[in-house]
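Readers should treat all values here as calculations from the given coordinates under stated rules, not as data from a laboratory. No experiment lies behind these values; they were computed from the predicted model shown. With ideal geometry, Cβ positions are generated from the backbone for all residues, glycine too; neighbour counts draw on all protein chains shown.
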Amino acid sequence: RRHETLRTRFPAHGGEPVQEILPAAPVALPVADLSALEDRGENAAREALRSWALRPFDPSREPPLRFLLLRRGAEEHVFAVVIHHLVSDGWSTAIFLRELEALYDAAVRGVPSPLAEPRVQGVDWAVWQCEQLTEEVVEEHLRWWKERLAGAPRRLALPTDRPRPPWETTAGADVPLHLGAPLVEALRRLAREEEATLYMAFLAGFQVVLSRWAGQETVSVGTPVAGRPLLELEGLIGFFVHTAVVCTDLAGDPTGRELLGRVREAAFGAFAHQDLPFERLAEAFDPHREPGWSPLFQASFALHNAPRAVPRLPELAVEPVDVDPGTAQLDLAAALLETADGAGGSLRYRTALFHAATMRRLAGHWETLLQGLAAEPDRPLSSLPLLAEAERHQVLSEWSGGPELGEARETFPVLWEAQVDRTPDALAVVAAGRTLTFRELDRRANRIARRLRRLGVERESRVLLGLARTPDLLAALIGLWKAGGAAVPVAPDAPPERLATLRTAVAPVAELAAGDLEGLDGEGDERPLRTILPAQLAYVLHTSGSTGAPKGVMISHGSLAAFHIAFAETVGLAAPPLRIGLNAPLVFDASQQAVVALLHGHCLWIVPEDARRDPEALAGFLASADLDALDVTPAQLDLVLAAGEASGRLPRQLWVGGEPISAPLWRRLAALPRTLCWNVYGPTECTVELLGRPIDRSGAGEGPDLGRPFPGARVLLLDAAGRAVPVGAIGEICLGGPQTGRGYLERPDLTAERFRPDPFASAPGARLYHTGDLARWRPDGRIDLLGRADGQMKIRGVRVEPGEIEAALTAHPAVGGALVAAHRGGEGEKRLIAWLVPAPGAVLPSPAALREHLRERLPEGLIPAAFVPLAAFPLNARGKIDRAALPEPAAAETGEAPFVAPRDAVEQRLADLFREVLGGGAVGVHDSFFDRGGHSLTAVRLAGRVREALGVTLPVAALFAAPTVEDLARLLQAEGEITVPTLVVLRAGGDGAPLFLVHPGGGTVFVYLELVRRLPPGFPVFGLQAPGIDPGEQPPTTVDALVAHHLEQIRRVHPVGTRPVHLAGWSFGGLVAFELARRLREEGDDVAGCTLIDPTDPADLPALAWEPGAYDGPLDLLEAAERPAPALTWRARARRTRVLPGNHDSLLVAPGVEVLAEVVGEGLVARVRHPRSTYLG
């Protein structure tokens, strides 16, 4: 009676919720008797309370308050109260308990209520608040928040134990927090000295821990604010609490005292501008929020000053009963309460993201950091500890190194000649129709060595190797090492300008290219007498450079020998002679995996160049080679696995490296029945690889990780200040040990920057290579790779520095500025995109001209797939380039031909497949597959999609001959008749319930393309086309026959009961969608939604002789506002009817399709958020 909020419900009127205050009335108190149960103790009571408390309210029908009395015995009861958060907050709970105590006491004594009537009610406050929040006030608050949050990350990049679901989940748990009284008092004193509060000291430590774990310098944390500025509000029950965002910049390595000052300023500013409704703030900063993230912040902190009151009721002994609701509203929510022995509380977390052990570690790090802050507040943050001593020993000693590796005393030439003497007549290499035994290969290498000596090659002389994939490639490499020189491999087809750059940087004594190895018979084949020392240079490999010039990585013979021993021990190369495939070109260090296998007597089969691109050629090669092992990048695996299946000869081991492996691909590799795959990791600077693990069935469900260090390797994860990071936190991978390279050729500055002293090593002179790769320790000591600390990336296994491409682009006189980044296409594959601004007074060249310009300077793998012209780069509030605001590439930015839309079914199908494989915007008939970023591997995928979608086998070579949609359509139509399937995949991928869109009267689903492009991600979308589109094919003559056909098509991809299903249809398709939904429910399917988009009314089609049957499932009717007459048949059956702007035809084209996509998308996402109940809107 006293509080109107507790008897208020919120029904909808005109699609908007309104407040309806019910008259005061007695409240029911249901009683549940547990006394007869065998287990009537606390566990039973807790479980009963939890299930009752989690029963959802329907705010439109019932008040937001309910009670329950649990009887556990004659003298023991549990009284439970649940109040919806719509009308209550933490302050309100204390008011409720205080008033309960007073009213109960009065009732027992039979006296009137001692409580004064409230002077105002919640509705009065709501009206007053609306009057105060004028647009001018809102804009003033927004200006402050925009300045405060400018440049702050919208996502807290905490590494999660599980992949983040595509939508927010509410399942949660907590771990306890406790801080001792001495620590709390020390923090209180420090806060007082800095004119701050204990709350700010706790918050400062929390933000530092989050910063260290996430690797971010700016951290935003939400915090509740009471929101009761008037005295009259202090006794009201209601939801008055505001959420403020405390955004703290930790950059510049401040001291603990300086940090407190920053947090104090951020907190006071946030409190001063708390009146802006959080929804307005979130809308301004996160208008297109991702469903898997809460807006603006994902972690919160609250400090409670008083314990929860326990009412004193006459003649009763009252104790609180804690019930864990099992929910979490944020990724992390920390709460502390001051107690007699310090402070206690909990850290609540989403169980879909984190394990309890991870949260206990984070809580421990928070306490450790607060202890350091309180003890030495004048130290910089970088020196404050986070790790306890046991964890520090674990990450710096136990996990950081592989097994001991003896010092490599011999070098490749010595080990090679020893192997030749052991197995002179065994096959050493097979390539290009030639075979050489170990003796024959050794003799040819000796002749090359002698010739090189005559050309002036001495110890560490650098020699360019630009040979094709023949046995002479290996002979030249071995001969060069015998002569004492260092190999500098180059691609035989390297652009002239890049070759000239390398010659200038390397200053080679000699070059070996095609034709340079003729006439060797005159050279003697005796072994040269020259000692090759471990410290000598073995090879120089060039990787992409951020300054525009490639970097030459120098690797010594000692490092190569150490890799040879470590790799052989890890993957098992000491077995009897194996057949090893050499796939990677010599310009990539992965080729050394096969090269060092020669030292164990294994035979190398060099994969022909055409087989590295064409599945048919690769299948033939695999069939003849019957390999035991092959090196491969993840981007090549589709090709290799398809060829292995076709040949029946998939190698028994695959060494997968060069770029990260996705989780689906990891599971696929783990499931291979007769092939063991290895995930191997290492930069060129540390001699091929230093980490690895087998991808086997035992770890299939754990997801991709890098495994553990190779023998002799040293692996540390360090933060930006060079500190060891704790388990779970983000750090840079830093590598040491005997495989560490010498540095960069003629680049002492860059060598000093990336190869630094190891601060934790006991041996003098030990170095660590700082990779720039970000990772975290798993609890068992394995390493998760998380991304890059800089802009460097890998595209199809090739290391790419955007700066090198940007420098090449700005070398064009018409290009004033360039930004290059990786962009994921439709298949999730990364492509290079360049955003360009013109030079003053210039016009940007066409994409074709830019590609031609770049091909003179860069390898093909560094040519961007699309060029996006801009008038100027977008800037954030701090005046820096806002990369998040760079526009997505469209079709016109990948080529220069004018856009022409597909003109028939075949062209439309091919255009959809182009977009599916390559990503990007709309595809025109003149768009070239390769100009849009296609390459040999995506060509393989497109050929597979064409086979699946059109039933035509497309040789990859045909795609090279006909690269545009128009040319390919003409080719396919000339080759044979193309059948039009009635089930079309409009959008693949996603774990959500599938959506089936039913064709209108025209029979095709082309009308839905714009709608599908705008629907939320995560839901596969299929189109149902009418049979009879093909010439000569008879269409069904009744609705029942048409529905029966479509049911068969749906069952091809959606067996009965596998997961919920959505249906929708426009015009005549709405009628068919309804009947499909009805039949699916009859067959036991869960129809999550059926949406009729301005449907045909069967009453208008008497010739159809069909009437809708009984149906009790979800049904939404969307009518066009300009419809001539309402669809009365459907209005009588629909659960919800909405009128959308426009006419019948404009609903499916811009701008009307934007509204339609939003409404249809709401239905898809609603079922995800409300999986067990009817969605109420």
As an exercise, identify the GluC sites (Glu not before Pro) in region 71-119 lying in DSSP coil whose Cβ has no more than 15 other Cβ atoms within 10 Å. GLU75
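Please list, by residue number, every one of the GluC sites (Glu not before Pro) in region 495-580 that is coil in DSSP and has at most 12 other beta-carbon atoms within 10 Å.
The qualifying sites are GLU518, GLU526.
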Using Cα pairs under 8 angstrom and six or more residues apart, how large is the relative contact order of region 4-123, in percent? 25
For region 129-207 and region 416-436, distance of Cα centres in Å: 66
Give me, ordered by chain and number, the residues 5 or more places off TRP605 or on other chains with an amide H under 5 Å from its own placed amide H. VAL430, ILE580, GLY581, LEU582
Loop GluC sites (Glu not before Pro), region 690-788, which have at most 13 other Cβ atoms in a 10 Å radius of their Cβ (DSSP): GLU746
For LEU1011, what is the net charge nearby, where nearby means another residue's Cβ is under 11 Å from its Cβ and Lys, Arg count +1, Asp, Glu -1? 0
Given contacts defined as C-alpha pairs under 8 Å and at least six residues apart, what's the relative contact order of region 1032-1099, whole-number percent? 34
Tell me the mean residue ellipticity at 222 nm calculated for the chain from its helices only (DSSP H runs of n ≥ 4, each -39500 (n - 2.57), averaged over every residue, nearest 500). -9500 deg cm²/dmol
Quick one: Karplus J couplings for region 625-633, per residue in order, coefficients 6.51, -1.76, 1.60, θ = phi - 60°, nearest Hz, x for Gly and Pro? 7, 6, 6, 8, 7, 8, 7, 7, 8
Listed by chain and number, the residues whose amide H is under 5 Å from that of GLY921, excluding neighbours fewer than 5 places away on the same chain and using placed H, are ALA891
From phi via Karplus (6.51, -1.76, 1.60), per-residue ³J(HN,Hα) for region 100-116 in Hz, x at Gly/Pro: 4, 4, 5, 6, 5, 4, 5, 5, 5, 8, x, 10, x, 4, x, 8, 6
Total charge dipole magnitude, the chain, about the Cα centre, Cβ charges on Lys, Arg, Asp, Glu only, Debye to nearest 20: 1900
Around GLY172, under 12 Å between beta carbons, what's the net of Lys plus Arg minus Asp minus Glu among the other residues? -2
Sorted by chain and number, the residues with a modelled amide H under 5 Å from that of ALA486, at a separation of 5 or more or across chains, are GLU460, SER461, ARG462, VAL463
I'd like to know which of ALA284, LEU231, GLY484 lies farthest towards the positive end of the charge dipole of the chain, counting +1 on Cβ of Lys and Arg and -1 on Cβ of Asp and Glu. GLY484
Counting only DSSP beta bridges with both partners in the chain, the antiparallel fraction in percent, to the nearest 5, comes to 60
Once the Cα atoms of helix 557-571 and of the chain are each reduced to a long axis, what angle between those two axes, in degrees from 0 to 90 to the nearest 10, is obtained? 60
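Highest mean first, how do 907-918, 469-480, 533-544, 221-232 rank when packing is the count of other Cβ atoms within 10 Å averaged over residues?
469-480, 907-918, 533-544, 221-232
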One finds the C-alpha centres of region 489-504 and region 356-382 to be spaced, in Å, by 52
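What's the local net charge at GLU117, with K and R +1, D and E -1, over the other residues with C-beta under 11 Å away? Don't jump to the answer; show the numbers that get you there.
Values: positive: ARG1, ARG2, ARG119; negative: none.
That works out to +3.
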Under a crude label model (7 Å from the Cα following the beta-carbon direction), how far is ASP253 from PHE268 in nanometres? 2.9
For labels at ALA814 and ALA171 in the simple 7 Å Cα→Cβ model, what's the distance in nm? 5.7
Please state the shape class of region 980-1169: rounded when a/c is under 1.5, otherwise prolate if a/b exceeds b/c and oblate if not, all from the C-alpha gyration tensor. rounded
Positive dipole terminus of the chain, leading residue within VAL241, SER544, ALA969 (C-beta point charges): SER544
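Could you sort 639-646, 600-607 so that the peptide with the highest average Cβ count within 10 Å comes first and the rest follow in order? Let's see the in-between values first.
Details: 639-646: 20.2, 600-607: 22.6.
In decreasing order of mean packing, 639-646, 600-607 become 600-607, 639-646.
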How large is ³J(HN,Hα) for each residue in region 508-513, as worked out from phi by the Karplus curve 6.51 cos²θ - 1.76 cosθ + 1.60 (θ = phi - 60°), to whole Hz, x for Gly and Pro? x, 6, 8, 10, 10, 10
